[in-house]
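Report on the following structure.
The values are calculated or read from the model by the stated rules, or taken from the named source; none is laboratory data. Since the structure is predicted, the reported quantities are computational estimates derived from the model, not experimental observations. Note that we place each Cβ from the backbone using ideal geometry, even for glycine, and neighbour counts take in every protein chain shown.
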Amino acid sequence: MPESWGEPEWLCASADLRECGDAVMFDVLENGLSVSAFAVRFRSVAVAYLNRCAHLPAQMDWQPGRFWDVEGRYIVCAMHGALYDPPDGRCVLGPCRGAHLTAITLTEKDGQVYWYPSQHLQPVF
Ligand code: FES
């Protein structure tokens, strides 16, 4: 789990994250710059990452909010096809095999999803 602290930020309702469905997109400040991030649900667990491939600093969705491969097993980068394991964001196949997406810690409580800011990732106000 990545280092995190501070008050959790509301992201969406739990029902907005369907199993292997479209992502909930959001923006965060990374070292003061606004960057794209996304949350998806896989095997009932909500996970979130920066929308930035570990191969090249490109956004990965092949259409806005769409990250899944055809079988709904991996997060795929539309640029060169890297496949990422949803639970930990590790590239299992592709040009950046073994590298990881930048994870954002999530929690779910009372039907709501929250993300945790960290030293490098802060809310956009
Ligand atoms: S930019 Fe994602 S696989 Fe190359």
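Structure notes:
- In this structure, residue 112 qualifies as in contact with a helix residue (DSSP H, G or I) (Cβ under 8 Å, 6 or more places away or on another chain), surrounded by fewer than 18 Cβ atoms within 10 Å (Cβ to Cβ) and either among the aromatic types (Phe, Trp, Tyr) or closer than 24 Å to residue 18 by Cα (or both).
- Of the strands (runs of 3 or more DSSP E) lying entirely inside segment 59-125, those containing at least 1 residues that are closer than 18 Å to residue 11 by Cα span 106-109, 112-115, 121-123.
- Summed over segment 26-53, the residues that are surrounded by 15 or more Cβ atoms within 10 Å (Cβ to Cβ), assigned to a strand (DSSP E or B) and out of contact with any helix residue (DSSP H, G or I) (no Cβ under 9 Å at 6 or more places or on another chain) give a count of 14.
- Residues being within 15 Å of the ligand (Cβ to nearest atom), over 16 Å from residue 35 (Cβ atoms) and surrounded by fewer than 19 Cβ atoms within 10 Å (Cβ to Cβ) - total across segment 58-74: 3
- Count - residues of segment 77-107 that are away from the ligand (no atom under 16 Å from the Cβ), acidic (Asp, Glu) and buried (at least 16 other Cβ atoms within 10 Å of the Cβ): 0
- Just one of (1) free of Cβ contacts under 8 Å to residues at least 12 places away in the same chain; (2) in contact with a strand residue (DSSP E or B) (Cβ under 8 Å, 6 or more places away or on another chain) fails for residue 62. It is (1).
- Hey, residue 50 modelled with pLDDT of 95 or more, away from the ligand (no atom under 16 Å from the Cβ) and of a type in the set (A, V, I, L, M, F, W, C) or not: no
- Test: residue in segment 13-22 that is modelled with pLDDT under 95, in contact with a Phe, Trp or Tyr (Cβ under 9 Å, 6 or more places away or on another chain) and at positive phi: no
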